[in-house]
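First comes the structure, then the notes that go with it.
The values are calculated or read from the model by the stated rules, or taken from the named source; none is laboratory data. Keep in mind it's a predicted model, so treat the numbers as computed, not measured. Cβ placement follows ideal geometry from the backbone for every residue including glycine, while neighbour counts extend to all protein chains displayed.
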Amino acid sequence: MFWFKPQLRSLSAFVFHHAVFLLLIRSCAGLSQVIVPMQPIVVTIGDDIILPCHLEPATDAVAMTCEWSRSDLNPRFVHVWHEREELVINQHPSYKGRTSLSTNKLKLGDISLKLSGVKLSDNGTYKCFIPELRTESTIKLVVGLASSPVINLAGNDRDTGAVVLECESKGWYPEPEVLWLDGEGNLLSAGPTETVRGPDDLYTVSSRVTVEKRHSNSFTCRVQQNNINQTREAHTC
């Protein structure tokens with residue numbers, strides 16, 4: 001019977017360690033994770049925006065520390081929630097008075113950041129971090145601006161009847177592209193687009209095209225920026 005005791009002890013130890021292992025798995029599986037959208041958030045300068053971030057499964061985050069930050073800034077903190085209140089000591093100066101979290105939403109595990117009066121300098125990658133849970137995710141904010149183009153007559157050739165049309169659009173971000181189309185929507189061959197970036201980092205673009213001007217002809221200048229889903233057009237009469 002003496003040979004049975006060591007085997008029993010080994011079995012008991014195995015059962016104990018197996019139970020601890022399962023407990024650890026269940027504990028880790030129960031921890032909430034920070035979830036953000038995979039797609040960038042696109043916003044126009046001057047608008048208010050919500051940077052979505054939530055805990056899954058939903059957990060009351062009011063008593064937790066919530067950090068929003070950008071690694072390219074110094075100090076890096078955009079917004080910090082600590083000990084049930086906003087902590088503004090180390091907040092980057094450019095965000096003062098423009099960020100907030102909702103206490104009611106924090107109770108539901110929603111730690112989305114509201115950013116008011118978006119500036120061009122807000123463009124970047126943001127990290128949503130919960131230190132207690134050691135979980136974080138990043139989300140990209142793309143800030144843009146668009147403006148309507150203007151078409152002017154830049155020159156003409158009386159012998160051939162051709163005219164040179166110039167299209168200009170000021171105040172874009174990021175840099176857009178310029179396209180010319182005829183009355184049927186076909187792309188026209190135009191000269192290279194001239195681009196100027198101003199001291200405010202906004203772009204002015206201009207383009208010229210030579211066309212035969214007839215009474216029934218109409219032309220369109222289209223300025224577009226696909227990253228911010230913005231398109232502006234001007235038409236000739």
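Some notes on this structure:
- Selected residue (only one of Ser189, Ser148 is at pLDDT 95 or above and either closer than 30 Å to Ile111 by Cβ or not aliphatic (A, V, I, L, M) (or both)): Ser148
- Selection from region 71-96 of residues that are buried (at least 20 other Cβ atoms within 10 Å of the Cβ) and under 18 Å from the mean Cα position of the chain (by Cα): Val78, His79, Tyr95
- Evaluated against (1) more than 27 Å from Leu145 (Cβ to Cβ); (2) loosely packed, with under 12 Cβ neighbours inside 10 Å; (3) touching a residue at least 60 places away in the same chain (Cβ under 8 Å), Asp48 falls short on exactly one condition, (1).
- Residues located in region 118-139, provided they are of a type in the set (Gly, Ala, Ser) and either on the phi > 0 side of the Ramachandran plot or not assigned by TED's automatic domain parsing to the domain that holds Ser69 (or both): Gly124
- Ser169 vs. criteria among the small types (Gly, Ala, Ser) and surrounded by 16 or more Cβ atoms within 10 Å (Cβ to Cβ): yes
- Qualifying residues in region 102-121 (those that are buried (at least 16 other Cβ atoms within 10 Å of the Cβ) and without any contact (Cβ under 8 Å) to a residue 60 or more places away in the chain) - the one farthest from Ala63 (Cα to Cα): Asp110
- Meeting the requirement of 1 or more residues that are of a type in the set (S, T, N, Q) and modelled with pLDDT of 95 or more, the strands (runs of 3 or more DSSP E) wholly within region 50-115 are 66-69.
- Matching residues in region 48-64 - criterion: being among the β-branched types (Val, Ile, Thr) and either in contact with a strand residue (DSSP E or B) (Cβ under 6 Å, 6 or more places away or on another chain) or farther than 17 Å from His82 by Cα (or both): Ile49, Ile50
- Scan of region 179-207 for residues that are buried (at least 19 other Cβ atoms within 10 Å of the Cβ) and closer than 17 Å to Leu153 by Cβ, ordered by number: Trp180, Ser206, Ser207
- One residue stands out in region 192-225 among those that are farther than 29 Å from Val143 by Cα and among the small types (Gly, Ala, Ser): the one that is farthest from the chain's Cα centre (by Cα), namely Ser216.
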